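The values are calculated or read from the model by the stated rules, or taken from the named source; none is laboratory data. Worth saying up front: this structure is predicted, and the values here are computed from it rather than measured. With ideal geometry, Cβ positions are generated from the backbone for all residues, glycine too; neighbour counts draw on all protein chains shown. Ligands, DNA and RNA are stripped out before the accessible areas are found, and what is left, the full protein with its side chains, is counted by its heavy atoms. Shrake-Rupley method; radii C 1.70, N 1.55, O 1.52, S 1.80 Å.
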Amino acid sequence: VQLQASGGGLVQAGGSLRLSCAASGRTFSGYGMGWFRQTSGKEREFVGCITWSGLSTYYADTVKGRFTISRDNAKNTVYLQMNSLKPEDTAVYYCAAGRDLVQVRSEYGVAYWGKGTLVTVSS
C-alpha cells in the first residue's frame with residue numbers, strides 16, 4: 001500500500017499550489033482521504049478530508065475558504081488545491097487514508113500515511 005504525494009514547492013504569498021496524492025497497492029473503496037501538515041517542532045495538524053463519495057469535505061478553520069479537497073476515484077487520487085497561500089501555510093504536507101478519517105478528523109482516523117511533500121510560502 002502506497003500513498004504518493006506530489007506538487008509541493010516554493011510559492012510567493014498569495015499564490016496557489018495543487019498537491020496530488022496517488023494511491024496504489026489496494027483499493028480504497030469506502031475510505032475517507034485527507035491531508036495533514038507539520039512544521040518543525042509542532043505536532044501534525046489536520047488540514048482537511050473528503051468522503052469516499054466526494055460529496056462531503058471538512059476543513060480546519062485555518063484553511064477554510066482557501067483550500068479545496070477533491071478526489072478522482074477512477075484514478076485513486078486525491079487533490080489539495082491551495083489558494084491565497086500564506087507564509088504560515090509553510091509545512092510538510094502529508095496525505096492520509098482511513099475508514100474513520102472523516103468522522104474523527106485527526107491522526108487517530110488514519111490507517112495509511114503518504115510521504116510528505118514540502119510546501120514553502122515566501123513573504
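List every residue pair whose Cβ atoms lie under 6 Å apart, where the two residues are 6 or more positions apart in sequence or sit on different chains, the first residue falls within the range 105-118 and is under 12 Å from G32 (Cα atoms), and the second residue, located anywhere, is at pLDDT below 90 and part of a loop (DSSP other than H, G, I, E, B).
G109/D100; Y112/V1
Consider V1 carefully, then state whether it is under 17 Å from Y112 (Cβ atoms), at pLDDT 95 or above and not aromatic (F, W, Y). I'd like the intermediate steps shown before the answer.
Details: under 17 Å from Y112 (Cβ atoms): yes; at pLDDT 95 or above: no; not aromatic (F, W, Y): yes.
Taking the combined requirement at face value, the residue does not satisfy it.
Residues to consider are V102, V63, V121; find the one that is assigned to a helix (DSSP H, G or I), open to solvent by less than 30 Å² (accessible area, probe 1.4 Å) and farther than 13 Å from S20 by Cα.
On the way: V63 fails: assigned to a helix (DSSP H, G or I); V121 fails: assigned to a helix (DSSP H, G or I).
Answer to the check: V102.
Assess whether N76 counts as being closer than 16 Å to S16 by Cα and in contact (Cβ under 8 Å) with a residue 24 or more places away in the chain. Full working, then the answer.
Values: closer than 16 Å to S16 by Cα: no; in contact (Cβ under 8 Å) with a residue 24 or more places away in the chain: yes.
So N76 fails the test.
Among the candidates G114, G54, G32, G25, single out the residue that is of a type in the set (G, A, S) and open to solvent by 60 Å² or more (accessible area, probe 1.4 Å). Break it down into steps so the answer makes sense when it comes.
On the way: G114 fails: open to solvent by 60 Å² or more (accessible area, probe 1.4 Å); G54 fails: open to solvent by 60 Å² or more (accessible area, probe 1.4 Å); G32 fails: open to solvent by 60 Å² or more (accessible area, probe 1.4 Å).
The conditions single out G25.
Going through the range 69-97 one residue at a time, which ones are of a type in the set (S, T, N, Q) and at pLDDT 95 or above?
Of the range 69-97, the ones of a type in the set (S, T, N, Q) are 70, 73, 76-77, 81, 83-84, 90.
Matches in the range 69-97: S70, Q81, N83, S84, T90.
Only residues that are among the charged types (D, E, K, R) and either in contact (Cβ under 8 Å) with a residue 60 or more places away in the chain or under 17 Å from Y58 (Cα atoms) (or both): list them for the range 1-43, please. Explain how you work it out, then say what you get.
Here is the first cut: in the range 1-43, the residues among the charged types (D, E, K, R) are 18, 26, 37, 42-43.
Once the filter is applied, which keeps residues that are among the charged types (D, E, K, R) and either in contact (Cβ under 8 Å) with a residue 60 or more places away in the chain or under 17 Å from Y58 (Cα atoms) (or both), the range 1-43 yields R18, R37.
Right, G48: farther than 18 Å from R105 by Cα, under 12 Å from the mean Cα position of the chain (by Cα), surrounded by 16 or more Cβ atoms within 10 Å (Cβ to Cβ) and modelled with pLDDT of 95 or more or not?
no
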